[in-house]
1. What whole-number value in cubic angstrom gives the convex hull volume per residue for the C-alpha atoms of the chain?
2. Classify region 4-140: rounded, prolate or oblate, from the alpha-carbon gyration tensor (a ≥ b ≥ c, eigenvalue square roots; a/c under 1.5 rounded; otherwise prolate if a/b is larger than b/c)?
3. Give the lysines whose C-alpha is closer than 20 Å to that of K189, dropping any in the same chain fewer than 8 places away, or say none.
4. Apply 1/(1 + (r/R0)^6) to the Cβ-Cβ distance of D159 and H124, taking R0 = 45 Å, and write down the FRET efficiency to the nearest 0.05.
5. Give the angle, between 0 and 90 degrees and rounded to the nearest 10, that separates the Cα long axis of helix 294-303 from the longest principal axis of the Cα atoms of the chain.
6. Give the residue list of trypsin sites (Lys or Arg not before Pro) in region 41-119 that are DSSP loop and have at most 15 other beta-carbon atoms within 10 angstrom.
7. I'd like the trypsin sites (Lys or Arg not before Pro) in region 225-324 restricted to DSSP loop residues with at most 15 other Cβ atoms within 10 Å, sorted by number.
8. Given springs between every Cα pair under 10 Å in a Gaussian network model of the chain, which of H154, H85, H327 has the largest fluctuation?
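The values are calculated or read from the model by the stated rules, or taken from the named source; none is laboratory data. From a predicted model like this one, the values you see are computed outputs, not experimental measurements. Because the Cβ atoms are built from the backbone with ideal geometry, glycine has one as well, and the counts that use them run over all protein chains shown. Ligands, DNA and RNA are excluded from the accessible area calculation, which covers all protein heavy atoms including side chains. Shrake-Rupley method; radii C 1.70, N 1.55, O 1.52, S 1.80 Å.
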Amino acid sequence: MLDARTISLVRAGFKSVLAADDGPAHLARSFYAQLFVAHPEFRSYFPASMDEQRDHFVRALAYVFDNLDKDDRVESFLRQLGRDHRKHGIDGSHFRAGGSALIAAFRNFVGNEVWTDEVEGAWHRTLAFVTDNMAVAADSDELPPYWGATIVEHQRVLDDLAIVRLQVDEGIHYFPGQYVSVQIPQRPKLWRYLSPAIPCNPQGEIEFHVRRVSGGWVSPAIVTESVVGDRWAISPPLGGLQVDRSLRDDVLMIAGGTGLAPLRAQIMEMARYSRNPRVHLFVGGTFPRDLYDMHTLWQLSLSNPWLTVVPVTEEEEDPWWHTTGTHELPWGMHHRLHGPIGKVVTQFGSWADRQIQICGSPSMVRTTIYALRKVGTPMQHVQHDPL
Ligand SMILES: Cc1cc2nc3c(=O)[nH]c(=O)nc-3n(C[C@H](O)[C@H](O)[C@H](O)COP(=O)(O)OP(=O)(O)OC[C@H]3O[C@@H](n4cnc5c(N)ncnc54)[C@H](O)[C@@H]3O)c2cc1C
């Protein structure tokens, strides 16, 4: 546990990095330069283009420094990060080398005048705390760093969306609502998080719903280039979205696009129980054609009276250029509502007595949280994955 003075010195130092022109990018470049000079062999763990890696690095640092005074939260984040790095071939010794490189990079950034003995001590204590947590988690994890899996079905349900089913070599145990990291043969070393859309099962079948992000590296390849027989790597599960059954509170789920996947997996799991809290699921898309999974959801709601599914689209009509044809909503289903999903959901009140989960793109999650906050929804009831 770090003392308040140490935390405030490290935060003040990092704040000066964030405030400087090009500061975060400069610090990240200097960190990787220090690391690769001291350990040239580490370069092979990273992709050719380091831009995205540097962004992730700075965002993770910002999260850690913001939460240094919240032991539970920061330690569980660091342990998860440590375990997650194993897919790159990294172990505990690499994190300690990373800690030294970051101290050197920060020292270069601030210069000798600011780098007093007290500041140096604070950075050493903080980086020891960070790297120890990551190293212990990575070295003590008994799961393999990833499993192999083969695509057995690839369905392009929309121009920009594919449902991909894989057979994993060995069963992966995950809780519905968790996510995993995947690496595809078309984009080696570029791991991306995806949320399984079905609960884990003894047969080792897993299903992902993937939307093509325009200009993205990996998602366009999954939607347009992946084929049956491709071999993927899938890393151990992360995250903790879940319905707390002990609370007995009803549930509000809000999905944008493929954010439906982890919510659908949880609903499918709940369908195994005879008694459940009521679940209201709002499923959003930009256009009517984006509501790609309504028939499955409708079937689930017919056999599970605790589930209500409400389709929502921002636009009332499909664009003229879309080619895949709109799926008609099943007869009897709640009619489609229109507007930004957060606004639509909050027209029904603040849902203050609900457990709430929001899943979708980072902007969808942020605007939905904003809408809920505006109507007074208690934020401690709201869960979402890291953005
Ligand atoms: C916990 C978690 C679970 C996820 N689960 C799924 C899932 O089940 N299905 C799925 O399709 N995606 C999911 N994603 C998003 C996925 O991991 C990738 O970020 C996304 O597929 C884009 O990857 P890319 O390589 O194509 O784009 P990149 O090359 O990484 O990024 C290209 C550009 O697109 C932006 N961008 C990245 N992601 C999005 C996004 N979602 N919406 C809008 N802009 C974006 C980036 O900021 C960047 O500017 C999940 C993300 C997280 C954090």
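1. On the way: hull volume 62.3 nm³, N = 387.
Cα-based convex hull of the chain, divided per residue, equals 161 Å³.
2. It is oblate, given that a/c is not under 1.5 and a/b is not larger than b/c.
3. K87
4. 0.30
5. 70 degrees
6. K70
7. Those that pass, being in a loop and sparsely packed, are R248, R272, R275, R278.
8. H327
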